[in-house]
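Heads up: the structure comes next, in C-alpha cells.
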C-alpha cells in the first residue's frame, strides 16, 4: 500500500487543478525520449528487478518492486498517450493522471527509489528505470511536488552558492584555518590551500559537508595536492560546491543554473581543469549531466580527483607506505560514480597502494548495492525509516568483509554509512580515499624544509 504523502506535499496534491495535472503530464512527456517511452510497455514481469533492489531486499513488499513502481508511471502514459489506453483503459492497465495517481508517483519515485540503477543493470530487456523515474520526478517538480527538504537544498544552492548556505566569510575562514593545520601537519610553512589563484591548472571543488562537518577530509585532499606539488586552487565565490541536488529534484532549469556556478568560476579564475572531489552525484551532475543542462559542451575538461590521485601514485609524484594504514579496508562503490559514471578502478588502485589489506565487498563494482542514501534520500526526512531499512543490505555487505575501515569516495554515501554504522553496530571507521592516501604519504625532503623533487 502506498504511504501517505508528507503533510505539506499532501496539501499541495489536494490543491492540484486540472491545469496543473495537464502541465505535469506534459512535462513528463517532454522528458521522455522515444526509447524511454518504449520502456513503459516493455516490462516482462520476470522479477529480476526485485532481486536487484535494496528496497525490496530489505522489505519484500509489492510496492518496493521496481516493476511495480514502473507500473504506476506507465499507467498514466497508457491512458493519455496510447489509443488502447484511451479506448480500453481497464484492459491495458491505464489510469488517469489524477491526484490519486500523483500520490502513487510521489511515493514510488521519491519515497522508494534512490535512482541507483541496479535494477536496470539486471533487467532482461534493458529498461533504464532511472531515466523513466527522473522524467516522473521532473513532472512532479513542474507541479511543485518536490519534497520540501530536498527542494531546500536546491534553493540554498541558488541563493547562497552552496547547498548548506555556508557564508563566504565562514568558507574563507575555514580554508585559512585548515591551511594552518596543514602547515603544522607537514612541517612546511609554505604549504598552502590557495583561494582564487588565477591560472591554476586545477580548480578543485568539494561537498559543503566537508567544511561544515568533515574539515579534516578537505585537509587530507590538500595534503595530497601538496605532496604532488599540484598547481591548484579553490574558489571563494560560488563555484566551490560540487553538489547539485537538481540532479535529484529533476528540475533541469535549476540544475543548469547551479552548474553555471562551476563554469563561471572556471572562467573567472582561468583554470585549466575542473576537478570534482569525492562525491558520486557531484561527479554525475557536473561531468555527465551538466553539459545537457547547459545545452552545450564545456570548454574545459572535467575529472574526478580519484583519477588524479591514481596518476600521482602511478607516476611517482607521491610516495606512500601502506603499513601506515594497517587495518583491513573495504570500498563502497557510489552508484553515480561507478555504475552510472564508470569511475571504477582509480580508487581501487589507490587503496591497493595505500592500505596494507584491501578486501572487496560482494558484490562490488557495477553490481554493488546502493548504500540507501542516494537519489536525494538523505535530504528527504519523511522517508528516513525506509532509507535506514534499505541500507541494511549495505550493512550486511560491510559486516561480511570483516574490514575495520570502510572507504566511500562520496560524502553523500559517507553520511549514510555513518548512520548505518550506528544503527547496525558495525564498529567500523568511515573514511574518504584522500584520507587513506594522506595517512600513507611518506615524509619527504620537503617536510624537512627542502624541495620535494618531481619524478
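The values are calculated or read from the model by the stated rules, or taken from the named source; none is laboratory data. Fair warning: this is a prediction, and the values are worked out from it, not measured in the lab. Note: ideal-geometry Cβ built from the backbone for every residue, glycine included; neighbour counts use all protein chains shown.
Overview of results
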quantity: Count of segment 340-365 residues which are modelled with pLDDT of 95 or more and either buried (at least 22 other Cβ atoms within 10 Å of the Cβ) or touching a helix residue (DSSP H, G or I) at 6+ places or on another chain (Cβ under 6 Å) (or both); calculated: 14
quantity: Residue within segment 211-231 that is touching a helix residue (DSSP H, G or I) at 6+ places or on another chain (Cβ under 6 Å) and not in a helix (DSSP H, G or I) present; calculated: no
quantity: Residue that is surrounded by the most Cβ atoms within 10 Å (Cβ to Cβ) [pool: residues in segment 388-409 that are in contact with a helix residue (DSSP H, G or I) (Cβ under 6 Å, 6 or more places away or on another chain) and free of Cβ contacts under 8 Å to residues at least 40 places away in the same chain]; calculated: 395
quantity: Residue that is surrounded by the most Cβ atoms within 10 Å (Cβ to Cβ) [pool: residues in segment 125-143 that are touching a helix residue (DSSP H, G or I) at 6+ places or on another chain (Cβ under 6 Å) and in a loop (DSSP other than H, G, I, E, B)]; calculated: 127
quantity: Helices (runs of 4 or more DSSP H) enclosed by segment 323-403 - at least 3 residues per element that are more than 30 Å from residue 149 (Cα to Cα); calculated: 346-354, 392-401
quantity: Helices (runs of 4 or more DSSP H) enclosed by segment 18-70 - at least 3 residues per element that are crowded, with 17+ Cβ neighbours inside 10 Å and at positive phi; calculated: none
quantity: Pairs with Cβ under 7 Å, 6+ apart, first in segment 217-241 and within 16 Å of residue 190 (Cα to Cα), second modelled with pLDDT under 95; calculated: 229/452; 229/454
quantity: Residues of segment 94-107 that turn out to be assigned to a helix (DSSP H, G or I) and touching a residue at least 60 places away in the same chain (Cβ under 8 Å), as a count; calculated: 6
quantity: Residues satisfying the stated conditions in segment 109-124, i.e. over 20 Å from residue 285 (Cβ atoms) and assigned to a loop (DSSP other than H, G, I, E, B); calculated: 111, 112, 122, 123, 124
quantity: When residues of segment 199-210 are limited to those that are within 20 Å of residue 169 (Cα to Cα) and part of a loop (DSSP other than H, G, I, E, B), the one farthest from the chain's Cα centre (by Cα); calculated: 208
